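Contents: one structure, followed by commentary.
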Number of protein chains: 2
Amino acid sequence: LIEAAGNRLSKPVGSTRSPPAFAVVDWGTTSFRLWLMDSVGTVLGERRSDEGMTKARNSGFQTILETHLCALGAPDDLPVMICGMAGARQGWIEARYIDTPAHLEEIIANAVTVPGLERDIRILPGLAQRDPANPDVIRGEETQLLGTPGLHRATGACCLPGTHSKWVSVEAGTIRRFSTFMTGELFAALSGATILRHALAQKDMSQENSPAFKRALISAHNEPTVFSHSLFTIRARSLLFESTPDDAAAFLSGLLIGMEMAGARDYVSGGSQPVTLIASGRLARLYALAFRTLAIAFTTIDAETAVRDGLRKAAGAIWNRTESETTI
Amino acid sequence: LIEAAGNRLSKPVGSTRSPPAFAVVDWGTTSFRLWLMDSVGTVLGERRSDEGMTKARNSGFQTILETHLCALGAPDDLPVMICGMAGARQGWIEARYIDTPAHLEEIIANAVTVPGLERDIRILPGLAQRDPANPDVIRGEETQLLGTPGLHRATGACCLPGTHSKWVSVEAGTIRRFSTFMTGELFAALSGATILRHALAQKDMSQENSPAFKRALISAHNEPTVFSHSLFTIRARSLLFESTPDDAAAFLSGLLIGMEMAGARDYVSGGSQPVTLIASGRLARLYALAFRTLAIAFTTIDAETAVRDGLRKAAGAIWNRTESETTI
């Protein structure tokens, strides 16, 4: 566990620090992040672990949550706002999808209370696009959108890269439509479970600033039709031209992100403003490089800040009436 | 082991049957098929097993081959012609790729002899396309092409579906160029190693005559750009519309084959004759349905007959001079 300074809150503190008002949790498939906040959203403490939904289904969602709250010395009656896979059907309590088009405020209005507990725990819902020809779902990223500044005024596209990259079209605070691209998961499956593993040698997706990345990106973006053939050229290049595992990984990253950007073309062209890239760390750098290479205008918002701010807005709106009016 | 009638050859037979002239072997990554033939190519005996290259690297190529020859009562000096992964760098003896463009006869001319053995054993080479912008390799399918009737006169495209589907452009017996599509392996990786496994529930690729197959096929063929998003709709459809695993598998098959056919479009349009589909069993039926659905003219050749005939031609050309002149 990585623990921030706030994990010493359990000791008496003789300072002017404000008391915790709520805790917020981003509970993904494989990760758990909790922040303790005061009434204006200042972070008082933080906990991170790999106890995502997959582990929590075995060890229990409540047990995991209470252990982390206890470690931060949180009061027994501190309310908790959660987003992510904890609200999936196979999670803790299902927070049913709300349908698109949906205003960002509807996410807050449809928070579900975990029943039968002393503590007030709410889980934010995901979004469903119930179009039989183009069905799609989001769970977790909607809270990043809620925490992204300016979206209640803007008309444009957001790109949230990851295992399942999401492209979202937002119009004055309303999520009109979205598309999921399996970019990150395709990288993992192709590099781990196909013949390409010989060429890649367990490299990850973050091979930046490589000519192979840019070449593959442009090629897949301009000619996505030959994708499943282009994949095999990675194997052939390794056999015939002895390309390195770094180059092979960069090429595969480029192909997959290029395919994603080709498929998201109408999101890019439909917006009057630069694409909002909501990402952190290496993925943010990789997608920024892709946008620059393809000459697509964009601005970047840190994904972790966004999800924390989205959770804070939801918590403030529900448990702190005065704050809600100023932040949504 | 599946053994044909010929596996009783080891017992004395008082018939007029001609003596074996050679054995031929299609030695793939995960499969081994051997046929005992007389000098005109009549099949006298057959052996099949799962002792492909992967297993043979552990138990030994020679041991496996001799065990099967012995079971058929083959003489110690019977020559053997092999194609497939036994000739890969990581196989028995490397039969180095010959470069495109290559005439079908060059495959025979470049057969490699396994050194240091009493028995005369030859391995046919694969083909390499050493184009840095579009590198590709074939190993095994070249022998199916060698055994496909009419290719020495024809100008057109061949489609050889499988784990790695091959599209090949042939001009009067010369292989001009080819492209590998990872269709079968993508199906396996996506249905086994990604979130789509929940929707597919271990179904295989042969879901024929399903509306979902045709719908996905046409959609991917017409709009291949959104491939990695279309994949995720399989998951979303299962969550939002409770599609069945059969439908999900049919949809994934359709998407992947549609992508392949979109990527192979210039092979189809470049030929003056129908596409030659070289395939067997369920894969042959699935691709035939795809061709009919997309209104692409085609004729079918059985893949197993083709590889056996290709091996027979090579064996006849090397060990049976009179036969070679009539069959190539």
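Quick rundown of the values:
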{"item": "Subset tally (residues that are surrounded by fewer than 17 Cβ atoms within 10 Å (Cβ to Cβ) and either among the small types (Gly, Ala, Ser) or assigned to a loop (DSSP other than H, G, I, E, B) (or both)) for the stretch A:90-102", "result": "4"}
{"item": "Conditions (1) within 29 Å of A:VAL43 (Cβ to Cβ); (2) surrounded by fewer than 19 Cβ atoms within 10 Å (Cβ to Cβ); (3) in contact with a Pro (Cβ under 9 Å, 6 or more places away or on another chain): number failed by A:ARG282", "result": "(3)"}
{"item": "B:GLY140 vs. criteria over 16 Å from the mean Cα position of the chain (by Cα) and on the phi > 0 side of the Ramachandran plot", "result": "no"}
{"item": "Near pairs, Cβ below 6 angstrom, 6+ apart or cross-chain, from the stretch A:97-119 (under 23 Å from B:ARG237 (Cβ atoms)) to any residue that is among the hydroxyl-bearing types (Ser, Thr, Tyr)", "result": "A:PRO101/A:THR174"}
{"item": "A:THR16 at pLDDT below 95, farther than 18 Å from A:GLY140 by Cα and out of contact with any strand residue (DSSP E or B) (no Cβ under 7 Å at 6 or more places or on another chain)", "result": "yes"}
{"item": "Condition met for A:GLN202 (touching a residue at least 60 places away in the same chain (Cβ under 8 Å) and not in a helix (DSSP H, G or I))", "result": "no"}
{"item": "Residues that are aliphatic (A, V, I, L, M) and either surrounded by 20 or more Cβ atoms within 10 Å (Cβ to Cβ) or in contact with a Gly (Cβ under 9 Å, 6 or more places away or on another chain) (or both), drawn from the stretch A:240-267", "result": "A:ALA248, A:ALA249, A:ALA250, A:LEU252, A:LEU255, A:LEU256, A:ILE257, A:MET259, A:MET261, A:ALA262, A:ALA264"}
{"item": "Tally of residues being outside any loop (DSSP other than H, G, I, E, B) and surrounded by 21 or more Cβ atoms within 10 Å (Cβ to Cβ) across the stretch B:103-127", "result": "7"}
{"item": "Counted residues, the stretch A:140-192 - those being at pLDDT 95 or above, β-branched (Val, Ile, Thr) and assigned to a loop (DSSP other than H, G, I, E, B)", "result": "1"}
{"item": "Entirely in the stretch A:219-328, the helices (runs of 4 or more DSSP H) that have 1 or more residues that are among the acidic types (Asp, Glu) and under 23 Å from A:ALA199 (Cα atoms)", "result": "A:245-263"}
{"item": "Among residues of the stretch B:120-129, those that are under 20 Å from the mean Cα position of the chain (by Cα), of a type outside the set (Lys, Arg) and either more than 20 Å from A:ARG237 (Cβ to Cβ) or away from chain A (no Cβ under 14 Å) (or both), counted", "result": "2"}
{"item": "Residue in the stretch A:171-195 that is surrounded by the most Cβ atoms within 10 Å (Cβ to Cβ), counting only those that are touching a strand residue (DSSP E or B) at 6+ places or on another chain (Cβ under 8 Å) and charged (D, E, K, R)", "result": "A:ARG177"}
{"item": "Members of the stretch A:203-261 that are on the phi > 0 side of the Ramachandran plot and within 12 Å of another protein chain (Cβ to nearest Cβ)", "result": "A:GLU242"}
{"item": "Evaluation of A:GLU223 against (1) out of contact with any Pro (no Cβ under 6 Å at 6 or more places or on another chain); (2) in contact (Cβ under 8 Å) with a residue 40 or more places away in the chain; (3) surrounded by fewer than 24 Cβ atoms within 10 Å (Cβ to Cβ) (one fails), failing number", "result": "(2)"}
{"item": "Residue in the stretch B:136-143 that is surrounded by fewer than 16 Cβ atoms within 10 Å (Cβ to Cβ) and either in contact with a helix residue (DSSP H, G or I) (Cβ under 9 Å, 6 or more places away or on another chain) or within 13 Å of another protein chain (Cβ to nearest Cβ) (or both) present", "result": "no"}
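The values are calculated or read from the model by the stated rules, or taken from the named source; none is laboratory data. Worth saying up front: this structure is predicted, and the values here are computed from it rather than measured. All Cβ positions, even for glycine, are placed from backbone atoms using ideal geometry, and neighbour counts span all protein chains on display.
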